[in-house]
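Student: The structure that follows is given in the form of C-alpha coordinates.
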Amino acid sequence: MNLNAMLAARAEAGKPVRAALIGAGKFGSMFLAQAPFINGLEVAVIADLDPDRARAACRTVGWDPSRIVRTRFVTRGSAACGADDVDVVVEATGSPAAGIAHALEAIAAKTPIVMVNVEADALAGAYLAGKAYEAGVV
(Lines give C-alpha, C1' and ligand atoms only; values in the text may rest on other atoms or scores of the structure.)
Protein backbone atom coordinates (compact mmCIF):
# COMPACT_ATOMS: atom_id res chain seq x y z
CA MET A 1 0.00 0.00 0.00
CA ASN A 2 1.41 3.41 -0.89
CA LEU A 3 1.20 6.65 1.06
CA ASN A 4 -1.59 8.07 -1.10
CA ALA A 5 -3.77 5.01 -0.49
CA MET A 6 -3.07 5.13 3.25
CA LEU A 7 -4.02 8.81 3.39
CA ALA A 8 -7.20 8.13 1.42
CA ALA A 9 -8.12 5.39 3.89
CA ARG A 10 -7.57 7.82 6.77
CA ALA A 11 -9.79 10.40 5.06
CA GLU A 12 -12.51 7.81 4.45
CA ALA A 13 -12.36 6.80 8.11
CA GLY A 14 -12.70 10.45 9.16
CA LYS A 15 -9.23 10.43 10.72
CA PRO A 16 -6.98 12.51 8.47
CA VAL A 17 -3.35 13.01 9.37
CA ARG A 18 -3.20 16.32 11.23
CA ALA A 19 -0.01 18.23 10.51
CA ALA A 20 1.62 21.20 12.15
CA LEU A 21 3.78 23.40 9.97
CA ILE A 22 6.52 25.39 11.66
CA GLY A 23 7.66 28.22 9.41
CA ALA A 24 5.40 29.66 6.70
CA GLY A 25 8.18 31.11 4.55
CA LYS A 26 9.33 29.87 1.15
CA PHE A 27 9.23 26.10 1.71
CA GLY A 28 6.34 26.32 4.15
CA SER A 29 4.30 28.16 1.52
CA MET A 30 5.05 25.43 -1.03
CA PHE A 31 3.77 22.85 1.45
CA LEU A 32 0.67 24.96 2.14
CA ALA A 33 -0.02 25.23 -1.60
CA GLN A 34 -0.14 21.43 -1.93
CA ALA A 35 -1.90 20.54 1.33
CA PRO A 36 -5.49 21.19 0.14
CA PHE A 37 -4.98 18.67 -2.67
CA ILE A 38 -3.70 15.84 -0.47
CA ASN A 39 -6.68 13.73 0.51
CA GLY A 40 -6.31 12.62 4.13
CA LEU A 41 -4.03 15.47 5.25
CA GLU A 42 -5.12 18.48 7.26
CA VAL A 43 -2.96 21.34 8.49
CA ALA A 44 -4.19 21.77 12.05
CA VAL A 45 -1.57 24.28 13.24
CA ILE A 46 0.76 26.77 11.61
CA ALA A 47 3.52 28.20 13.80
CA ASP A 48 5.27 31.31 12.57
CA LEU A 49 6.88 34.27 14.31
CA ASP A 50 4.34 36.42 12.46
CA PRO A 51 0.90 34.73 12.33
CA ASP A 52 -0.49 37.48 10.10
CA ARG A 53 2.25 36.76 7.57
CA ALA A 54 1.38 33.05 7.81
CA ARG A 55 -2.30 33.81 7.16
CA ALA A 56 -1.27 35.97 4.20
CA ALA A 57 0.84 33.08 2.88
CA CYS A 58 -2.23 30.83 3.07
CA ARG A 59 -4.27 33.35 1.09
CA THR A 60 -1.45 33.80 -1.44
CA VAL A 61 -1.29 30.06 -2.18
CA GLY A 62 -5.05 29.87 -2.66
CA TRP A 63 -6.50 28.69 0.63
CA ASP A 64 -10.16 29.53 0.97
CA PRO A 65 -11.22 31.54 4.04
CA SER A 66 -12.94 28.56 5.68
CA ARG A 67 -9.70 26.53 5.64
CA ILE A 68 -7.82 29.44 7.20
CA VAL A 69 -10.44 29.81 9.94
CA ARG A 70 -10.18 26.07 10.75
CA THR A 71 -6.40 26.37 11.22
CA ARG A 72 -4.83 27.40 14.51
CA PHE A 73 -2.03 29.96 14.17
CA VAL A 74 0.61 30.27 16.91
CA THR A 75 3.84 32.21 17.31
CA ARG A 76 5.93 29.45 18.88
CA GLY A 77 6.91 26.17 17.25
CA SER A 78 6.95 24.55 20.66
CA ALA A 79 3.16 25.03 20.78
CA ALA A 80 2.89 22.69 17.80
CA CYS A 81 5.41 20.02 18.78
CA GLY A 82 3.36 18.27 21.43
CA ALA A 83 -0.13 19.52 20.65
CA ASP A 84 -2.95 17.00 21.08
CA ASP A 85 -4.40 17.88 17.67
CA VAL A 86 -1.14 17.18 15.80
CA ASP A 87 -0.02 13.82 14.38
CA VAL A 88 3.13 15.04 12.62
CA VAL A 89 5.27 18.18 12.66
CA VAL A 90 6.80 19.65 9.49
CA GLU A 91 9.79 21.82 10.46
CA ALA A 92 10.49 24.39 7.74
CA THR A 93 11.99 27.40 9.49
CA GLY A 94 15.39 27.36 7.82
CA SER A 95 16.96 28.24 11.16
CA PRO A 96 19.40 25.62 12.44
CA ALA A 97 18.90 26.53 16.10
CA ALA A 98 15.11 26.64 15.84
CA GLY A 99 14.97 23.45 13.77
CA ILE A 100 17.08 21.49 16.24
CA ALA A 101 15.04 22.77 19.18
CA HIS A 102 11.75 21.91 17.46
CA ALA A 103 12.98 18.45 16.51
CA LEU A 104 14.03 17.74 20.08
CA GLU A 105 10.68 18.99 21.40
CA ALA A 106 8.73 16.85 18.94
CA ILE A 107 10.86 13.81 19.74
CA ALA A 108 10.34 14.35 23.48
CA ALA A 109 6.58 14.56 22.86
CA LYS A 110 6.72 11.35 20.75
CA THR A 111 5.43 13.27 17.72
CA PRO A 112 6.87 12.25 14.34
CA ILE A 113 8.75 15.08 12.64
CA VAL A 114 9.53 15.80 9.00
CA MET A 115 12.70 17.87 8.82
CA VAL A 116 12.82 20.03 5.71
CA ASN A 117 15.23 22.33 7.48
CA VAL A 118 18.39 21.55 5.52
CA GLU A 119 20.44 23.83 7.74
CA ALA A 120 19.49 21.94 10.92
CA ASP A 121 19.96 18.60 9.17
CA ALA A 122 23.45 19.54 7.99
CA LEU A 123 24.40 20.65 11.49
CA ALA A 124 22.78 17.96 13.63
CA GLY A 125 20.90 15.48 11.43
CA ALA A 126 22.74 12.39 12.62
CA TYR A 127 22.35 13.43 16.25
CA LEU A 128 18.61 14.09 15.80
CA ALA A 129 18.12 10.78 13.97
CA GLY A 130 19.80 9.01 16.89
CA LYS A 131 17.59 10.77 19.43
CA ALA A 132 14.48 9.88 17.41
CA TYR A 133 15.58 6.24 17.13
CA GLU A 134 16.17 6.05 20.89
CA ALA A 135 12.71 7.50 21.53
CA GLY A 136 10.99 5.28 18.96
CA VAL A 137 9.91 8.27 16.88
CA VAL A 138 10.03 8.64 13.10
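Student: If you take the residues of region 71-86 that are in contact (Cβ under 8 Å) with a residue 24 or more places away in the chain and among the charged types (D, E, K, R), which of them is nearest to G40 (Cα to Cα)?
Tutor: D85
Student: Would a scan of region 53-63 turn up a residue that is open to solvent by 70 Å² or more (accessible area, probe 1.4 Å), farther than 12 Å from L21 by Cα and among the hydrophobic types (A, V, I, L, M, F, W, C)?
Tutor: No, there is no match, as no residue in region 53-63 is open to solvent by 70 Å² or more (accessible area, probe 1.4 Å), farther than 12 Å from L21 by Cα and among the hydrophobic types (A, V, I, L, M, F, W, C).
Student: What tally of residues in region 37-52 results from selecting those that are under 11 Å from the mean Cα position of the chain (by Cα) and surrounded by fewer than 15 Cβ atoms within 10 Å (Cβ to Cβ)?
Tutor: 0
Student: Select from region 1-28 the residues that are closer than 24 Å to L49 by Cα and in a helix (DSSP H, G or I) and write down the one among them that is least open to solvent (accessible area, probe 1.4 Å).
Tutor: G28
Student: Among the numbered criteria (1) in contact (Cβ under 8 Å) with a residue 60 or more places away in the chain; (2) surrounded by fewer than 20 Cβ atoms within 10 Å (Cβ to Cβ); (3) under 19 Å from G136 (Cα atoms), which one does V89 miss?
Tutor: All conditions pass for V89, except number (2).
Student: Of the residues A97, A56, only one is outside any loop (DSSP other than H, G, I, E, B), more than 14 Å from the chain's Cα centre (by Cα) and within 13 Å of G25 (Cα to Cα); which?
Tutor: A56
Student: Let me ask something additional. Just checking, does region 64-78 include any residue being surrounded by 15 or more Cβ atoms within 10 Å (Cβ to Cβ) and closer than 22 Å to A124 by Cα?
Tutor: Scanning region 64-78, I find at least one residue that is surrounded by 15 or more Cβ atoms within 10 Å (Cβ to Cβ) and closer than 22 Å to A124 by Cα, so the answer is yes.
The values are calculated or read from the model by the stated rules, or taken from the named source; none is laboratory data. Predicted model, so just to flag it, every value in this text is computed and none were measured. Backbone-built Cβ (ideal geometry, glycine too); neighbour counts: all protein chains shown. Note: areas computed on protein heavy atoms with side chains; ligands, DNA, RNA excluded. Shrake-Rupley method; radii C 1.70, N 1.55, O 1.52, S 1.80 Å.
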